[in-house]
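Data block below; observations after.
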Amino acid sequence: MSQTALIVEDEIFVALDLERILTDAGYQVAGIAADSRTAYETAPGCSFAFVDVNLRDGATGPDIARRLVHDYGVKIVFVTANPAQIATDIQALGYIRKPFSERAILAAAAMASGSPIDDVPEELMPFKLTIGN
């Protein structure tokens, strides 16, 4: 599978920072989506997505994540300042709390794309199992 990411984030400077981190590391970024419509239009061909909870069209991040997983097979990592708003029924790899570090984003991207992870930063918080090597 490709290493193409989707960034679902309405704060442009946060989205551009995520895009820079990913592209500098060699990942493809299909696009930045600030709302659900754009996220669904951009999702085909993406292997993983960084998704914020609160977007331009409201607290739609969890619903977008559900659909990305179900309809497109996209792996989800939430990037949010509000992790308590993430529904536990979503098949997500975990979340990264804002403000984030570049190291956490790269570890999450490696995990989502199936690459080996040497060490997992403590700010990368799993929902289910402890993230291992």
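Bear in mind that the values in this text are calculations on the coordinates, not laboratory data. The structure displayed is predicted, hence computed values, not measured ones. In this analysis, Cβ positions are derived from the backbone assuming ideal geometry, glycine residues included, and neighbour counts consider all displayed protein chains.
Observations on the structure shown:
- Relative contact order computed over region 4-126 (Cα-Cα under 8 Å; 6+ residues apart), in percent: 22 percent
- Under 12 Å, Cβ to Cβ, from I64 - net charge with Lys/Arg +1 and Asp/Glu -1: -4
- Scoring 27-35, 61-69 by mean Cβ neighbours within 10 Å over their residues and listing the highest first yields 61-69, 27-35.
- Principal axis box of region 4-126, alpha-carbon based, largest edge first, Å: 35, 28, 28
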